[in-house]
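This report concerns only the one structure given below.
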Amino acid sequence: MNTSSADAHGVTLSHIEEAALALKGVAQRTPIDHATHLSDVLGVPVMMKLENLQRTGSFKLRGATYRLSRLTEAERAHGVVAASAGNHAQGIAFAAQQLGIDATIFMPLGAPVPKLLATKGYGATVITEGATVEECLAQAADHAERTGAVMIHPFDHVDVIAGQGTIGLEIMQDVPDVQTIVVPMGGGGLISGIAVAAKAMAAQQGREVRIIGVQASASAAFPASLAVGHPITIERGATIADGIAVARPGSHTFPIVRDLVDQIVTVDEDDLARAVLTVLERTKLVVEPAGATPVAAILGGLIEPEGPTVVLLSGGNIDPLLMQRIIAHGLVASGRYMTMRIPLPDRPGQLARVSELLARAGANVIEVLHTRHDLGLTLNDVVLQVSVETRGPNHQRDVLATLAQAGFHPEVADS
């Protein structure tokens, strides 16, 4: 990668260093913690940059604060407007509150309730009308044209990119021997800033650092755009990683990513659920799905080990109801929970026999449904639907084999 090309994109190391000074007193310098489990999985030392512990619960505060701090007095008087699924909204609202600027935020219908309430709590006017972030961006642009408010883009502005790049400064200072940095990717503002900072600082030291981006498979805008050489709009699918669900790379971020990011990988919904659950269990940290994408990539075997590695946990704002569903899904995805349908002859002792076999196999029964009312059953048949806690995929296979050897025909139900 060309480490000197950042100058051509309007974002430089000195720009990011200026942003770091502007953020003092507003954004926190978040900690870095060793990740024992991820180190074991990857085979090299892995550290976590805990931006989920940032004020407002996300890295977005950095770019928002720096962008607003550079507005003129005339611009501040007209207020600011933004569109966001939540984290950018909170960052803008908090920064505007600190700087005494009126803020209007357009959020999509169905935005996570905690993010919505927090944005309102920081004093912003919140409007929920659009179905997607793209629709909200269009509404915000219209509001800016009508009122004179300054549109604050969530990722595609050099000041926003520079603000996010302060994370790269901190990583390079706190982990001086880092060789790989793994970063969540949506529109590219975060990874662009980190890449500019990290590549420039590594070049000053006469070495290189590898930057890897991770996108949700259902909303991976960059691979398609990089393949054709310019930003294009993709059709986004549904994803629990709402914080990085972006349909098109930015005009500022695309060339930086093209020139400075070494690799981009994608993770699916099962990967994301498993990653959120792993972080919760192993580190006792709450991380939203978008923020857990680097962990998902490591657990999915998508990252080749190359020296000390830092994974960025970019945000921790998650609806408790979504967390509940993710935990359940993550347990299934990691082979820790299984639901089976077992056809049985309708005679006494069958349920007791199945329970005995499950106990012998070491499966902990969570829930049981015994019914005669199932399509396809004869008058002499019943179906037992049983959910069990297991210790992983191998244990699940052992449980199924134990039942089959006893003459039963278990079918794993869809999760």
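Per-structure values
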read-out	value
Test: residue in the stretch 6-17 that is open to solvent by less than 20 Å² (accessible area, probe 1.4 Å), in a helix (DSSP H, G or I) and at pLDDT below 95	yes
Leading residue by the ranking (modelled with the lowest pLDDT) among those in the stretch 43-58 that are open to solvent by 20 Å² or more (accessible area, probe 1.4 Å) and outside any strand (DSSP E or B)	Arg55
Criterion: part of a helix (DSSP H, G or I) and of a type in the set (Lys, Arg) - qualifying residue of Arg325, Arg347	Arg325
Close pairs (9 angstrom Cβ cut-off, 6 or more residues apart or separate chains): aliphatic (A, V, I, L, M) in the stretch 397-415, assigned to a loop (DSSP other than H, G, I, E, B) and exposed (fewer than 13 other Cβ atoms within 10 Å of the Cβ) anywhere	Leu403/His409
Residue tally, condition touching a Lys or Arg at 6+ places or on another chain (Cβ under 8 Å) and either exposed (fewer than 15 other Cβ atoms within 10 Å of the Cβ) or not hydroxyl-bearing (Ser, Thr, Tyr) (or both), over the stretch 320-373	6
Some residue of the stretch 400-408 being farther than 21 Å from His329 by Cβ, of a type outside the set (Gly, Ala, Ser) and modelled with pLDDT under 90	no
Ala200 vs. criteria crowded, with 19+ Cβ neighbours inside 10 Å, in contact (Cβ under 8 Å) with a residue 12 or more places away in the chain and under 27 Å from Gly86 (Cα atoms)	no
Residue match in the stretch 149-161 (condition: among the small types (Gly, Ala, Ser) and within 21 Å of the chain's Cα centre (by Cα))	no
Among (1) among the hydroxyl-bearing types (Ser, Thr, Tyr); (2) touching a Lys or Arg at 6+ places or on another chain (Cβ under 7 Å); (3) modelled with pLDDT of 95 or more - the single one Thr3 does not satisfy	(3)
Qualifying residues in the stretch 396-414 (those that are open to solvent by 60 Å² or more (accessible area, probe 1.4 Å) and in a helix (DSSP H, G or I)) - the one farthest from Ala363 (Cα to Cα)	Gln405
Residue within the stretch 69-89 that is farther than 25 Å from Val261 by Cα, of a type in the set (Asp, Glu) and more than 26 Å from the chain's Cα centre (by Cα) present	yes
Where Thr293 falls short, out of the listed (1) surrounded by fewer than 24 Cβ atoms within 10 Å (Cβ to Cβ); (2) part of a helix (DSSP H, G or I); (3) at pLDDT 95 or above	(1)
Residue ID - farthest from Pro343 (Cα to Cα), chosen from residues in the stretch 386-395 that are part of a strand (DSSP E or B) and open to solvent by less than 70 Å² (accessible area, probe 1.4 Å)	Val388
Residue that is farthest from Gly335 (Cα to Cα) [pool: residues in the stretch 245-284 that are open to solvent by 50 Å² or more (accessible area, probe 1.4 Å) and hydroxyl-bearing (Ser, Thr, Tyr)]	Ser251
Qualifying residue in the stretch 277-292 (condition: touching a Ser or Thr at 6+ places or on another chain (Cβ under 9 Å), in contact (Cβ under 8 Å) with a residue 12 or more places away in the chain and farther than 27 Å from Arg325 by Cβ)	no
Search result, residues across the stretch 212-232 that are hydrophobic (A, V, I, L, M, F, W, C), touching a residue at least 60 places away in the same chain (Cβ under 8 Å) and closer than 22 Å to Gly163 by Cα	Ile212, Val214
Residue identified as under 24 Å from Glu306 (Cα atoms) and open to solvent by 10 Å² or more (accessible area, probe 1.4 Å) among Glu235, Glu208	Glu208
Filter result for Ala216 (surrounded by 24 or more Cβ atoms within 10 Å (Cβ to Cβ), in contact with a strand residue (DSSP E or B) (Cβ under 7 Å, 6 or more places away or on another chain) and over 25 Å from Asp159 (Cβ atoms))	yes
Residue match in the stretch 299-315 (condition: assigned to a helix (DSSP H, G or I), modelled with pLDDT of 95 or more and not charged (D, E, K, R))	yes
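The values are calculated or read from the model by the stated rules, or taken from the named source; none is laboratory data. Since this is a predicted model, take the numbers as computed values, not measurements. Positions of Cβ are generated from backbone atoms using ideal geometry, with glycine treated the same way; all protein chains shown enter the neighbour counts. Accessible surface areas use protein heavy atoms only, side chains included; no ligands, DNA or RNA. Shrake-Rupley method; radii C 1.70, N 1.55, O 1.52, S 1.80 Å.
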